[in-house]
Amino acid sequence: MENRNYLHRLLFIIKKLRSSKVATFDEINDYIKREFELKDGAKDISIRTLQRDLNDIRDLFCIDIKCNSSKQYYIAEDIDDEYSNHNRRMLEAFDIHNLLNTCGQISTHVLFEDRCKLGTQHLFGLLHAINNNFAIKLTHQSHYQSTPTNREVEPYALKEFKGFWYLLAKDYKDKAMKTFGLDRILDIEITKKKFIWPANFSAITYFKNCYGVTVPNNSNFEPEEVILLFTTEQGKYLKSYPLHESQNVLSEDENEIQISLYLFITFELKMQLLSYGDSVEIIKPKSLIEELKEVYKSALNQY
């Protein structure tokens with residue numbers, strides 16, 4: 001119990017300073033007490049405890065918290081940018097964890113999405129295999145096959161897309177790079193077979209021109225410039241939540257927003273564009289325009 005309260009306290013301090021930007025010791029202490037009152041009673045802390053906690057936050061989460069001349073605490077910076085997104089996701093998970101802990105009292109007011117298992121039970125084992133260059137054997141149930149298949153692969157990376165997790169790996173059977181949805185993996189076995197990491201391979205670079213998790217294996221398949229014209233409402237949403245890291249706003253007025261992307265034109269990208277309906281007009285390339293026009297025509301013919 002004490003260890004759990006200690007971790008909660010560290011996360012409460014981070015949350016308070018993320019939201020308030022600056023806070024005095026008393027404000028931090030009051031916030032911690034309010035949060036603990038929702039769980040198992042108020043917990044006062046001392047200045048000494050806070051200082052020790054700040055050191056632990058720096059060591060554990062690479063978040064540097066300092067005190068200014070007005071005796072207000074603030075987050076100076078994330079020491080390592082690599083941890084910034086990780087820490088944000090950790091805090092989000094912590095918020096949901098706290099909510100689930102009180103779900104018995106608020107279950108009629110909080111509606112969780114009913115979804116399939118995400119395969120997250122495999123995450124730790126797969127990451128261990130990746131970090132140690134161990135080949136793995138996995139049993140995979142494809143959406144398109146009636147029976148599972150057994151694969152032996154070299155695991156290279158884990159990637160999240162739209163709330164699902166995927167394993168990027170090289171299949172020994174055909175030496176091709178593939179992505180496997182963790183929700184479709186029935187079982188994994190970490191072997192003692194070591195593999196040699198591909199020279200100069202980077203998963204970040206591999207997915208750089210990709211929307212989603214599918215990268216074309218055809219070496220002749222090149223990324224292209226895609227220009228899209230959105231309604232103002234949809235365009236504003238995409239400015240806040242870009243489709244891809246290459247997204248660039250070309251023009252904007254009170255009626256429309258034009259953006260450009262540079263990426264592979266894959267099935268996942270086409271499905272995303274179709275989901276916008278009449279909120280988007282494809283300006284370029286012509287091949288994508290013609291392909292989606294055929295999809296719309298085929299859909300219309302069904303009615």
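Yes/no matrix, rows are residues, columns are (1) within 14 Å of K194 (Cβ to Cβ); (2) among the charged types (D, E, K, R):
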{"site": "N133", "(1), (2)": "yes, no"}
{"site": "I136", "(1), (2)": "yes, no"}
{"site": "H143", "(1), (2)": "no, no"}
{"site": "S146", "(1), (2)": "no, no"}
{"site": "E154", "(1), (2)": "yes, yes"}
{"site": "L158", "(1), (2)": "no, no"}
{"site": "F161", "(1), (2)": "no, no"}
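Right, R48: modelled with pLDDT under 90 and assigned to a helix (DSSP H, G or I) or not?
Considered against the rule, which asks whether it is modelled with pLDDT under 90 and assigned to a helix (DSSP H, G or I), R48 comes out as no.
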**Message:** Between a residue in the range 44-60 that is within 15 Å of F25 (Cβ to Cβ) and among the basic types (K, R) and any residue that is open to solvent by 100 Å² or more (accessible area, probe 1.4 Å) and in a helix (DSSP H, G or I), which pairs come within a Cβ distance under 9 Å, given they are 6 or more apart or on different chains?
**Reply:** none
**Message:** Report every pair of residues separated by at least 6 positions or lying on different chains whose Cβ atoms are under 6 Å apart, first residue within the range 200-223 and closer than 17 Å to Q247 by Cβ and open to solvent by less than 50 Å² (accessible area, probe 1.4 Å), second outside any loop (DSSP other than H, G, I, E, B) and among the acidic types (D, E).
**Reply:** Y211/E268; G212/E268
**Item:** Selection within the range 130-161 - within 21 Å of F207 (Cα to Cα), without any contact (Cβ under 8 Å) to a residue 24 or more places away in the chain and part of a loop (DSSP other than H, G, I, E, B)
**Value:** none
**Message:** Take F201 and tell me if it is out of contact with any His (no Cβ under 7 Å at 6 or more places or on another chain) and under 16 Å from L288 (Cβ atoms).
**Reply:** no
**Item:** Selection from the range 71-102 of residues that are modelled with pLDDT of 75 or more and touching a strand residue (DSSP E or B) at 6+ places or on another chain (Cβ under 8 Å)
**Value:** K71, Q72, Y73, Y74, I75, A76
**Request:** Return yes or no: is Y296 in contact with a Leu (Cβ under 9 Å, 6 or more places away or on another chain) and either in a loop (DSSP other than H, G, I, E, B) or hydrophobic (A, V, I, L, M, F, W, C) (or both)?
**Result:** no
**Asked** Has the range 117-129 got any residue that is modelled with pLDDT of 90 or more, open to solvent by less than 40 Å² (accessible area, probe 1.4 Å) and assigned to a loop (DSSP other than H, G, I, E, B)?
**Response** no
**Count of the range 224-234 residues which are surrounded by 15 or more Cβ atoms within 10 Å (Cβ to Cβ) and either under 30 Å from Y156 (Cα atoms) or touching a residue at least 60 places away in the same chain (Cβ under 8 Å) (or both)** = 2
**Message:** Could you check the range 239-264 and list, in sequence order, the residues that are touching an Asp or Glu at 6+ places or on another chain (Cβ under 8 Å) and open to solvent by 50 Å² or more (accessible area, probe 1.4 Å)?
**Reply:** Y262
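The values are calculated or read from the model by the stated rules, or taken from the named source; none is laboratory data. These figures come from a predicted structure and were not determined experimentally. Quick reminder, even Gly has a Cβ in these numbers, built from the backbone with ideal geometry, and neighbours come from all protein chains shown. The protein model used for the area step is the full one, side chains on, heavy atoms only, and it has no ligands, DNA or RNA in it. Shrake-Rupley method; radii C 1.70, N 1.55, O 1.52, S 1.80 Å.
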